[in-house]
Each structure stands twice: as structure tokens, then as C-alpha cells.
Amino acid sequence: MLTLRDYQRAAVDAVTPDEHRALLVSGCGTGKTLMAVHAVAKLLAGAPGTVLLTFPTLGLLEQTYQVWRSEAPMPFSALAVCSQQISDPEDIADDELSIPSTTSAEKLAHWLADTAGVRVVFATYQSAAVLVEAHRAFSAAAWTVMVCDEAHRTAGRRGKPFAVVLDDHKIPAAHRLFFTATPKVHARGSSPSRGSARPRRSAVASMDNPDLYGRRVFSLPTRDAIQRGILSPFKVAVIAVTDSAVASALKDVRLISLAAGEDGSARADHVAAAIALTQAADDYQLSSVLAFHNTIAASRDFAATFARTHALLRARGLVSDGRDAHITHIDGGSPLRERKAAAEDTLGQHRPDQWNIVTNARCITEGIDIPALDAVFFAEPRSSDIDVAQAVGRAIRKNPHHDRPALIVLALTVDDSLDAETVIDISQFKKARQVLLALQSHDPSIGADLTRLWDTLGETGPGDSDSVHTDLVDILIPTDLPSELAEQFLRAFSVHTVDTLTQQWEDNFAALAAYAAAHGHASPPQQYTTPDGRPLGQWVSGQRRAHSHSRMLPQRIERLEGLPGWAWNVVDARWETNFAALAAYADTHGHSYPPRTANLHLNQWVIGLRRPGQRQRLREDQRKRLEDLPGWSWAHRQTRQWENYFEELAAYAAAHGHASPPSGYMTAAGVDLGEWVRALRRPSRRAKLAHARKRRLESLPGWSWEYRARPTWEAAFDAVAAYAAEHGHTNPPGGEQTDDGRSLASWVTAQRQARSKGKLSAERCRRLEALPGWSWNLAEARWEENFAALAAFAATHRSCDPPPDYVSSTGASIADWLRGVRRAARADRLSTERLKRLQSLPGWSPETRRFDAAWDENYHQLVAYADEHGHAAPGQHYRTASGLALGHWVSNQRAAYRTGRMARDFPDRIGRLEALPGWAWNTFDAQWDRGFRELQAYCAEHGAATPGSKLVTESGHGLGHWVSDQRKKRRAGQLSEERCRRLETLAGWSW
């Protein structure tokens, strides 16, 4: 049995019985399988139990079983569970497994019940339905320990089959351990549903979610493992081959094949790859190379072409060390013994007279151990950066034969008769750019290496060496390539590969800095695009994901955090946006109490901050920033105003020895202290005063509750002034009275009538006009109040149909008011000015509409979806966390629009829906917009709009196929000019 190394022991120690879920991240080749064996033994603690191990392939399942058989510290019984539909042509067959297997849930349940001791089930993720059925239909007991290998395969869309293993209701387990070298982290919205403070359940499984994957208890990134000597360092070798060399070899290869009676077909790129690999083997003394293609057919054809090309190069004397080369193709049809022979024998050999190549598509990627591998070769761009990282993981395992860096070989062809930069820009640099980007996404320190490479290429000029060598990348140029073309090639490599990966970040950062300077914060919405078409909101989301995954250079972290209002998560970002708006208001108005009429959303946000307990939930830096705003107080508006007046009264009492300022006394700050004290002493006001406030007033020297009645007008004015100070307007309802029982509403009306007849003195007019919200025209005042309330509702809800219980600041029902306004509009009795103001509101219609609570709630679910995803186009089968079939509801809205029913019965809904980002009435338009958004996001993350033809996004969208379809439609003249222009704005787009 193997002895655990110190870092493997640390991983096992990090697993404790107290945690039901735990995530362990460790680079490829660090021995995660051995860690899992001993972690499971620790959790079993010598007792019998059931263990479930899940894998993405049967090949990895078989390999893991062999490790368990030799390394498990306890005896165990084993059973494999497979899927009845194995669709991966690259996987082995279940009859090649070394252990008994089943596809029956019933047999699995009986085996678990009838077998004693430790029972270990080795299962594929594809067989999850069998596992679920064993628990549901046959009452299989919960697993003692469950281990998910290559756990990144479970992340992404929560509804995909592999994600079932995360659900404890379907597959119950006391402990879950997740092992991966390449954790996948997705942006997770956390905005609450309308009317609820609880966050919506995310539809995406992200590996930074401790509820799903547990706490990350152990982490050994690839870079750390390399620095500790656990893994080998790696280097990228870019080998340029001229078109003339390829053409010459291709012609002879075809002639040789035909002369031998064989198929004379051969691909030019395969010949170029064979030449480049032969040079790499010579220059770097390679003994074993693993080559990756995207299809089995390409891998098989390359094996044949390589053998002929290498023989030709040897015959021409172009193999300097004279060694022979042996190549083997394997795929899903190869028996397990042939695969093992290729991995262990062919690649494991280290002979002085021969070097070996094994070529495959996806047969040797995740988890497969190769004891001695010198290099990996990518013949074509891969479909994902995780594919690249997993493939590189095969090479960086410690080689027992030498300490040289593992090599990643890329072949590029150069047209040595034309301008190299123009030719290569089209397609040749895609592989190099993708590989470097994938490596950078999993090892942030590569960013610094790329910067050094960029500097080196910038210093290269005419007459310099044909090749460039750095710690990360070697660029080998043919010795017979003219110096002018060699210089153009290096410049093109810099422009189309290194510049793309380094300067793109700088350009986006500059755009974000400009946005922050203009808006006061660095948190643009997810769907925000700069005027020049840069998807800045998506780029910011990408930076947050990279940071959460520890994939950012420290200097980039520092620069982003130096921007005003930068936040690493969505919740903080929204807080920063609101804070910037509040700071702008406070700077303008000198206080931090924005009214509803200024900005309803901001008003509600600030009120929420001041609610009991909210202060303690804020971070210390957030509290300090709020407290530094002009006029900030944690007290609500009315409380703060009372405290200010009390402080003025206390100061007066300290200076004068009593707390009875004369009538009309004004402080230096402009506070009418005499009138405030008179209002407090009024019997009706005193009865409503809180006991604590009464005690504080009575503690002042010379305080008295004696109330001296003033003349009738003055008493009524005091009562209206007190009402206005508390409610912000001077339109009291009928129930408000003066101390002598007079109606305040009647008195206010009497003042307006007296002024209209010229019977009110100028001094009294001035005093009334100084009251908050005073208007001589009551109808005009109430119209403005109601319009302000309607405008606030429309701004938030994109509708002019509030529910019956929505009221103005004076308590008037806006729905009732709207009925009269709409009647006047239909009868052409509204002024032109008022009609224009109403028409400027979103969703305005002169037709009376019944408030549809159900439709409005569904609409707000769609608004929430658009806020989270950047568009209002959920898939047909999308359901919200509350179970609403939102995709089906959206389809119904489109159908109502097509039939004209929406325009006839609910025309305001058209405007509300069209105001949402990404809304489309046509399903095909919506699908196209969805594809374009996915491509924008891919471009923002990867630097170029060049997804692989088979790429499927986390949402299940076949983006690679969609891109191919756009090119076909353009060639057939079926793609509009507008869509062509939009695609051409994306970096790296090519027809």
C-alpha cells in the first residue's frame, strides 16, 4: 500500500464527521483518488456501511476500482451501476469492467440489503436514475458516504442529469465529498422575489455554493502543486511550419501512399502537425506525446498521415536525432486492454531509439493516469477551457525519467508567399489563444507570464533570432523563413494572441473606470453595453467569477478594488448603485432623506436601511460610509426632526434658565422654537406624545405644560402647521380638529376662499404659503399629489394601473382618481399639458383597466428574471423557484399579441413588455437574440467570438451550432444586414 504524502494527509484530515458536505480541490495528478479512499475510511471509522462513488466515465470507474482494490485499508464488497443508454462512443463497455455490474435498481437495492460489511458501489453519473429509483421504489437506505469524482461535471444547470447527485431527497447520504481539479463557478443572482425577503432558489449549481457542495475544506491549486514540486512545470511550444514545406510533403505523402496501393488522401493540417511534432520531438527530446482531436475520424486519419509523413522526413534526412516514431490511435471502440496498453506501455516506454504518440479524441481526459508523459498536442481548438486544463493535467504529473517541463505543442502554418499577418489572422492563432486563455483561467499567475512574453515580442526586431523563448512560451520559426516574414509572424502572434489576452483586460478596465467616473460606482448592470458595443456588464460578471474562483492576479484585484463602488458580488453591487444615488442626492440637498417624489426606489432603500436591526447587518465600512454622508442619521425623518428641535430647546434652556421661548422665537438655524413648544403643549398633541419624550421635556429647567390659547386664527394655524410638519402637506382629512373642535379641513378651505375674495392679509398669506405643501388651489394641489404617486408607481411597475389599495401621500386612492382622469381624457376635457404628462408615463392608456393581480405578479416575476439574466426571454420550459411556468406564460403573451387580443383588451401591456431588455414578440427573434447574448458572453469571457462547433453552454444552448448556422444563412443570403453588423462587432468574428 502507498503511504500518504503530507498534502494528501492534510486533505484527509480536513474531512470531518461534523460536515455533511465538503469540497476538496486539488490539481490533476496530485492523487485525489488516494485521498478519497482514506477520507472514506476515516468517515466509516471501522464500522460497516455503504459507499457510493460516482464518475463521468466507465473508464475512470474501472481505474478507480483498481486503486481501491490495492489501497483501501479495509475489506469491501464492490458492485458497478451503469446506465442502460451509454451514449459516449469514447467510453469503454460495461462488460470490460473488473467487477460485477447492473443496470437494475431492484438488484442494487437487494445487493445493498443482503451484503454485509463495507459495500462500495461504483456508479456513473449517467446511471443516476437507477440510483434514484433504488431509493424511491425499493427503499434503499441512505448512503454512509458518497464521493463525487470530477465533481465539476455536476455544476451548471440544476436540471441536468448529472446534478441529481446533489439532491439529498433523491439520493440521500450522511456525508458527501466532492473532488475536482477544475471547480466551476457561476454567477448566482440573489435578488429576492417580489413581496418576499427570501432569496430566490438559483437555477444554477455553482461550486462556490456551500449549500450544494459544502465548505471548501482543502485546496491545492495546480500552480501551488508545481511550486511545491508535486507536479511538473509546463511550457507551450508554438511551432510554425511554412505552407511550402507542407505542400511539398503532402505531395510526396500522397504519391507514396498511392504507390503502396493505399488511400492517397491526406489533410494538409495533419501533415503540418506531423512536421511540427517531429521538430518538437527533436528539439525537446520527447519520448511520449498524447495528441487530442475533436473527432474519432480526425484522430484515426492523423495517425495514418503522421506515420507516412514521419517516414518521409526520415528519408529526407530531416530527423536530426534519427529516432523512429510509433503512433497509436485509440477510441471508444478500442478494448480496455488496448487503452491500458496505450497509456501504460506505449506512453510509458522510454527508449533511446524511438518516441511514441497516442492520438485520441476524448478517450483519455478526465482522471486517467499516464505514468510517464512528456507532452500533449492539440490538433484543433477544444470546446472548453476545462477540457484543456484536464488534458494538460495528464502531462504535468511527475515524469520518472526526467525533470524537464511538460510540453504543450501547437502547430501553426505560415504562408511564406503572402503577408503572414493577414493570413494567420483568419484562423491560425485560435488554438494558441484558446490554450493560453484556458491555462490563464486556471492559473492566474500566467497573466504575468503573458505580460513578459508581450514585452519580449515588442522588443523583437529585424535581425533578431528566428525563435523566441520565455518561461511560458517558446515560438519556433522555420530557419528558411525570410526575416521579413518571420518579423511579421511574431508581430501577428503578438497582435492576435498575446495582445488579445492582455490588452483586452486593460481596455475593459479603462471602460469600467470611465463608467465609474460618470456614475459614481463600478457596478454596471449585467446587460450594460458601452456606446462602442463593449459588453461591460458581462465582463464585470466574469471578473467576479474569476475572483471567487481565486483566478485573478493580485494587481488586478487591487486595481478593481481601487474603483469607486466596486463590489465582488451582485448584492454588494446593487448596494453600491443605491449608495451612489444617495450620495449624489445628499451632496445636492445637504441631507440624506430623499422623498418618495424624488426617487421612489431610493426612498424605499433608505427607509429599509433605517429599519430596526438593519444597521447591525451592514458591514462596518458600509455603516461608516453612510455616516459620512451630509445630514445622515440612523433615525427616521420624523424622529430626526424632533431630536433637532429638542436639541435647540435644550440649548435655549441652558442659556436662558427656562424652556419657555416666547411666541415667534427663531433660533440661529431658523427653527421656529416658540411655535414648536406651543404645539407640544397643545392638549391634543400632548396626549399623543410618547411617555419617554414627555419625561425628557420635563427634565428641562423651567418646563411647563401650561397651554395658553391664542386667538382663533392663530390656534387653527398652529394646528395646521403641526399637521403639515408631521405629514408633509396641508390637506388634512375631515377627522383632524383644533383644540376647540373646529375642523382643520374646513378652516383651510375658508382661508382659500378668503384670499380669493381679497379678505386675507398679505402677512397671513405669507405664513400659509410657508407651510409644507400649501397650495391656494386645492384641486390643483391634489392633482399634483396624485400624479406624483402615479408616476412613482409607473416608474417601478411600468404600468399605470395600480391596485385599489395604492394611495397617495394624503391617503387618496389613486385607482379612484384615475377613473375620473381617464373619463376626462376620453371626453377631451384634460388640458394639453396634463395629457402630455400622463402620456409620458410608461403604460398610460385613457381606457379604464381592471387591475389584474395575477398578470401583474407574473409580469414582476419576468422583471426579476430579466434583472438576473439580462434579458426577458426564458426558455419554453423555464419555471421560477416558486413553481411559476414563466416560459409558458411568456409564450401566452406572444400568442395574445399575435391574435390582436392584447392590443384590443390590454394595450398598456404591450409597452410594459417591450420595455424589458431582450423582449421579442417573435419566438424566432427571441431565439436569435438569445444566441447572440450567449455569444456576447462567450466573447467577453474568452476574448473572441470563436466557440467550438460542438460547444453547449451551461444553459443547454448549442452555441457552436448556432454560430455555424449564422454563417450558413449569410452565405445563402438569409441573414439580415442588421444581424450581420451586430455579429461583426464582436471581437474575433469571422465569416
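Read-outs: derived from the displayed coordinates by stated rules, not from any lab. Fair warning: this is a prediction, and the values are worked out from it, not measured in the lab. Methodologically, a virtual Cβ is constructed for each residue, glycine included, from the backbone with ideal geometry; neighbour enumeration extends over all protein chains shown.
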*Write down the Å³ per residue value for the convex hull defined by the alpha carbon atoms of the stretch 778-839.*
82
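So if each residue of separation counts as 0.36 nm, and I subtract the Cα-Cα distance between H401 and D13, what length gain in nm does that give? Before the final figure, lay out the partial values.
Details: separation 388, 0.36 × 388 = 139.68 nm, distance 3.21 nm.
Gain on stretching H401 to D13: 136.5 nm.
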*Once both labels are modelled 7 Å past Cα along the beta-carbon direction, what's the H591-H961 spacing in nm?*
6.2
*Segment D353-R617, length gained on full extension (0.36 nm per residue, minus Cα span)*: 88.1 nm
_For q values of 0.05, 0.06, 0.10 Å⁻¹, compute log₁₀ I(q)/I(0) with the Debye formula on a Cα-only model of the chain, without solvent._
-0.45, -0.61, -1.25
_Value of relative contact order over the stretch 6-220, rounded to a whole percent, pairs C-alpha under 8 Å and six or more apart_ = 30
_Test of understanding: ordering H401, H310 by Cβ neighbours within 10 Å, fewest first, what list do you get?_
H401, H310
_Highest mean first, how do 212-218, 664-670 rank when packing is the count of other Cβ atoms within 10 Å averaged over residues?_
212-218, 664-670
_Charge dipole (the chain, unit charges on Cβ, about Cα centre) - positive-most of W676, A78, A281_ = W676
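With a Förster radius of 30 Å, plug the Cβ-Cβ distance of S663 and N777 into 1/(1 + (r/R0)^6) and report the FRET value to the nearest 0.05.
It comes to 0.50.
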*Relative to the longest principal axis of the C-alpha atoms of the chain, give the angle of the C-alpha long axis of helix 637-656, reported between 0 and 90° and rounded to the nearest 10°.*
50
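Net charge around A78, counting only other residues with Cβ within less than 13 Å of its Cβ (Lys, Arg = +1; Asp, Glu = -1)?
Details: positive: R69, R119; negative: E62.
Local charge sum for A78: +1.
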*So for the stretch 656-708, what percent of the C-alpha to C-alpha distances run longer than 12 Å?*
66
*asked:* Going by average Cβ density within 10 Å per residue, which order do the peptides 771-779, 823-831 take, highest to lowest?
replied: 771-779, 823-831
_Neighbourhood charge, 10 Å Cβ-Cβ cut-off, centred on F932 and excluding it, Lys, Arg +1 and Asp, Glu -1_ = +2
*Provide the per-residue ³J(HN,Hα) series for the stretch 345-351, in order, calculated from phi with Karplus coefficients 6.51, -1.76, 1.60 and θ = phi - 60°, each as a whole number of Hz, with x at glycine and proline positions.*
8, 4, 6, x, 6, 9, 9
_Given R₀ = 22 Å, what would the calculated FRET efficiency be for D628 paired with I607, taking r from the Cβ atoms and rounding to 0.05?_
0.65
*Of the listed peptides 674-687, 292-305, 649-662, what is their order by residue-averaged count of other C-beta atoms within 10 Å, with the highest listed first?*
292-305, 674-687, 649-662
*Using 0.36 nm per residue, how much length does the chain from K170 to R215 gain when fully extended, once their Cα-Cα distance is taken away?*
14.0 nm
*Nearest 20 debye, what's the magnitude of the dipole of the chain about its Cα centre given +1 on Lys and Arg Cβ and -1 on Asp and Glu Cβ?*
5360
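With a ≥ b ≥ c taken as the square roots of the eigenvalues of the C-alpha gyration tensor of the stretch 13-142, please select rounded if a/c is under 1.5 and otherwise prolate if a/b is larger than b/c or oblate if it is not?
Because a/c hits 1.5 or more and a/b fails to exceed b/c, the stretch 13-142 counts as oblate.
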*Mind putting a number on the dipole of the stretch 928-991 about its Cα centre? Charges go on the C-beta only, +1 for Lys and Arg and -1 for Asp and Glu, and I need it in Debye to the nearest 20.*
300
*So if we plug the beta-carbon distance of W991 and R452 into 1/(1 + (r/R0)^6) with R0 = 41 Å, what FRET efficiency do we get, rounded to 0.05?*
0.75
_Taking the beta-carbon count within 10 Å as an exposure proxy, list T278, T3, T953, T588 from fewest neighbours to most._
T3, T588, T953, T278
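Over 19 Å between Cα atoms, which of K160/K430; K32/K160; K160/K969; K184/K431; K160/K184 qualify?
Violating the 19 Å limit, Cα to Cα: K160/K430; K32/K160; K160/K969; K184/K431.
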*What net charge do the residues around Q876 carry, taking every other residue with its C-beta under 12 Å from that of Q876, with Lys and Arg at +1 and Asp and Glu at -1?*
+3
